[in-house]
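S.K.: Got a structure for you, questions after.
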Amino acid sequence: MKKILILASFALLISGCSFFKGKDENANQQMPPLPVGVVTAKMGDIPISLSFNGQIVGELDVIIKAKVTGSIEKQLFTPGQAVKEGDVLYEIEPDKYLVNFNNAAAEFRRASNLKAANAISQKEFDAVKAAYSNAKIDYEYSKVKAPFSGVVGDNLKDVGAYVSPADADLVRLTKLDPIYVKFGISDVEKLKLDTKLNNGEWENKNSQVNIKVGGKDYNGTLKFIDNVINSYTATVDAKAEFDNPNLELKPGIYTKVTVNGFHQKNGIKLPQVAILQDLSNPFVYVVENGKVVKKIVKIVSQNATEAVVSEGLKDGDLVVIDNFKKIRVGANVNPLNEEARAKEMQMMQQQAAQKAMEGNK
């Protein structure tokens with residue numbers, strides 16, 4: 001009897017375990033696949049944006065000096081003023097140099113007549129001619145002119161100051177239209193850029209460059225990328241040109257430079273939220289046959305919102321973009337694209353509203 005009771009208890013235990021196990025399996029089977037948001041991978045030529053730190057600089061930036069000796073009689077500009085090429089900035093005793101020029105011109109006419117009559121030697125004529133030319137140049141230099149269009153700085157010499165070519169810095173002149181932004185590309189980035197262009201993975205379709213200054217965007221053109229590493233900065237120098245007709249961009253301003261125009265061939269653009277990271281590689285979750293699959297990817301460019309993938313995905317892959325804490329590799333899921341998620345959200349909101357109405361009755 002004792003043995004019979006033990007066997008009966010054991011059988012009952014096994015039966016109970018089987019009951020609960022079957023109940024759990026039925027419960028699992030009844031749970032619907034977890035809905036997850038997805039985006040469809042679309043392969044194509046994807047624009048690549050490269051960002052660098054740069055500084056606005058003028059193309060021409062010079063200190064204008066006096067080329068004749070004398071006192072400054074007039075200053076014909078206001079500091080900070082935009083001037084055009086040929087505008088007179090200072091006058092340095094122009095009347096005196098005009099008198100010298102007129103005398104030299106008269107002497108030159110007299111010498112020309114004498115030379116025609118063979119009354120003076122060639123050497124004497126050449127000396128008079130040289131004096132005339134020098135007097136003409138000095139008179140022209142007595143009116144200090146802007147050598148190019150730009151913006152003048154503060155005057156370095158006041159009216160009445162005695163100046164000479166040896167010591168006379170008069171004013172700074174900077175060309176601002178067009179204006180340039182200089183920036184550096186690291187040797188690693190330059191090597192990557194050259195390699196991808198040479199092997200055909202990237203294509204350069206244009207040379208557009210963008211900067212943002214004072215909350216405003218400005219578009220320019222990439223003009224130059226050096227092939228030699230700058231020993232002072234350990235980078236490759238680059239320069240972009242921007243039209244600046246209103247002189248809004250000023251030299252010295254530091255700004256972020258975004259270089260566009262490069263395209264990843266056969267690339268895929270994804271939301272940044274889809275990119276995950278394990279101990280060694282970036283990866284994404286993909287839905288295949290209703291199950292979650294992990295795929296290692298190679299990222300060639302990314303910013304705060306988007307990433308461009310060159311390897312690891314194929315055209316049409318359904319890439320998961322949410323519910324990462326609730327899914328694992330092999331889990332059954334229901335992929336919902338943007339339209340389907342919007343419909344589901346609308347249905348949930350309608351159900352919630354219906355329940356609220358029923359609760360108020």
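S.K.: In this model, which of LYS182/LYS265; LYS190/LYS295; LYS42/LYS182; LYS65/LYS129; LYS196/LYS325 are farther than 32 Å apart at the alpha-carbon?
M.R.: LYS42/LYS182; LYS196/LYS325
S.K.: Averaged over all directions, how much area does the convex hull of the C-alpha atoms of segment 30-106 cover when projected, in nm²?
M.R.: For segment 30-106, averaging the hull's shadow over all directions gives 13.9 nm².
S.K.: At a 10 angstrom cut-off on C-beta neighbours, averaged per residue, how do the peptides 222-232, 291-301 rank from highest to lowest?
M.R.: In decreasing order of mean packing, 222-232, 291-301 become 291-301, 222-232.
S.K.: When only alpha-carbon atoms are used, what values of Rg and Dmax, in angstrom, describe segment 184-257?
M.R.: In order Rg, Dmax, the Cα atoms of segment 184-257 give 14.3, 42 Å.
S.K.: In nm, what is the difference between 0.36 nm times the number of residues separating THR221 and THR40 and their Cα-Cα distance?
M.R.: Roughly 61.8 nm would be gained on extension.
S.K.: Could I ask something else about it? In debye to the nearest 20, how big a dipole does segment 162-230 give about its Cα centre with +1 on each Lys and Arg Cβ and -1 on each Asp and Glu Cβ?
M.R.: 240
S.K.: Now for a separate question. With unit charges on the beta carbons (Lys and Arg positive, Asp and Glu negative) and the dipole taken about the Cα centre of the chain, which residue among ALA105, GLY86, LEU34 sits farthest to the positive side?
M.R.: Of the options given, the answer is LEU34.
S.K.: Normalised by the empirical 2.2 N^0.38 Å for globular proteins, what value does the Cα Rg of segment 112-217 take?
M.R.: Rg over 2.2 N^0.38 Å, computed on Cα atoms: 2.15.
S.K.: For segment 79-163, what number results from the quotient of the Cα radius of gyration and 2.2 N^0.38 Å?
M.R.: Its radius of gyration relative to the 2.2 N^0.38 Å reference: 1.51.
S.K.: Over every pair of different alpha-carbon atoms in the chain, take the mean of 1/r and invert it; report that Kirkwood radius in Å.
M.R.: 28.9 Å is the Kirkwood radius here.
S.K.: Assuming 0.36 nm per residue, please report the length gained on full extension of the stretch LEU191 to LEU156 beyond their Cα-Cα distance.
M.R.: Full extension of this stretch gives 8.0 nm more.
S.K.: Charges at C-beta only: +1 for Lys and Arg, -1 for Asp and Glu. How large is the resulting dipole of the chain about its Cα centre, in Debye rounded to 20?
M.R.: Dipole of the chain, to the nearest 20 debye: 1520 debye.
S.K.: Follow-up. So for segment 198-338, Kirkwood radius off the Cα pairs, Stokes-Einstein at 37 °C and 0.692 mPa s: how many µm² s⁻¹?
M.R.: D = 177 µm²/s.
S.K.: With the other protein chains left in place, how much accessible area per residue, in square angstrom, belongs to the chain at a 1.4 angstrom probe?
M.R.: Here the residues of the chain average 62 Å² of exposed surface.
S.K.: Per the helix-only calculation at 222 nm, which mean residue ellipticity applies to the chain, given -39500 (n - 2.57) for every DSSP H run of n ≥ 4 and division by its residues, nearest 500 deg cm²/dmol?
M.R.: Per the formula, -10500 deg cm²/dmol.
S.K.: So, one more: Using a 1.4 Å probe on the protein chains only, how many percent of the accessible area of the chain belongs to carbon and sulfur?
M.R.: 53
S.K.: Given a Förster distance of 51 angstrom, what is the FRET efficiency for ASN289 paired with ASN53, based on the Cβ-Cβ distance and rounded to 0.05?
M.R.: According to the calculation, E is roughly 0.65.
S.K.: Tally Lys/Arg at +1 and Asp/Glu at -1 over every other residue whose Cβ is under 11 Å from the Cβ of LYS74; what's the total?
M.R.: Taking every other residue near LYS74 into account, the sum is -2.
S.K.: Here's a follow-up. Given the options SER207, ALA117, PRO147, identify the residue whose Cα lies farthest towards the positive end of the charge dipole of segment 96-217 (+1 on Cβ of Lys, Arg; -1 on Cβ of Asp, Glu).
M.R.: ALA117
S.K.: Per 0.36 nm of contour for each residue apart, how much would the distance between ASN303 and ALA130 grow if the chain were fully extended, relative to their Cα-Cα spacing?
M.R.: Net length gain for the segment: 55.6 nm.
S.K.: Here's something else I'd like to know. Looking at the chain as a GNM with Cα springs under 10 Å, which of ARG172, ARG110, ARG328 has the largest mean-square fluctuation?
M.R.: ARG110
S.K.: With point charges of +1 on the Cβ of Lys and Arg and -1 on the Cβ of Asp and Glu, referenced to the Cα centre of segment 217-301, which listed residue (VAL236, VAL292, THR221) lies farthest in the positive direction of the dipole?
M.R.: Looking along the dipole axis, the top candidate is VAL292.
S.K.: What helices does the chain have that are whole DSSP H segments, at least 15 Å long along their own axis by Cα, and with mean Kyte-Doolittle hydropathy of -0.5 or more?
M.R.: Correct list, ordered by number: 2-30.
S.K.: Calculate the length of the line joining the C-alpha centroid of segment 194-219 to that of segment 235-267, in whole Å.
M.R.: 8
S.K.: Please state the relative contact order of the chain as a whole percent: Cα pairs under 8 Å, 6+ residues apart?
M.R.: 25
S.K.: I'd like the distance separating the alpha-carbon centroids of segment 30-81 and segment 315-336, in whole Å.
M.R.: If we compute the Cα centre of each part, the gap is 40 Å.
The values are calculated or read from the model by the stated rules, or taken from the named source; none is laboratory data. Keep in mind the model is a prediction, meaning the values are calculated, not measured. Reconstructed Cβ throughout: ideal geometry from the backbone, glycine too, with neighbour counts over all protein chains shown. In case anyone asks, the SASA skips ligands and DNA or RNA and just uses the protein heavy atoms, side chains included. Shrake-Rupley method; radii C 1.70, N 1.55, O 1.52, S 1.80 Å.
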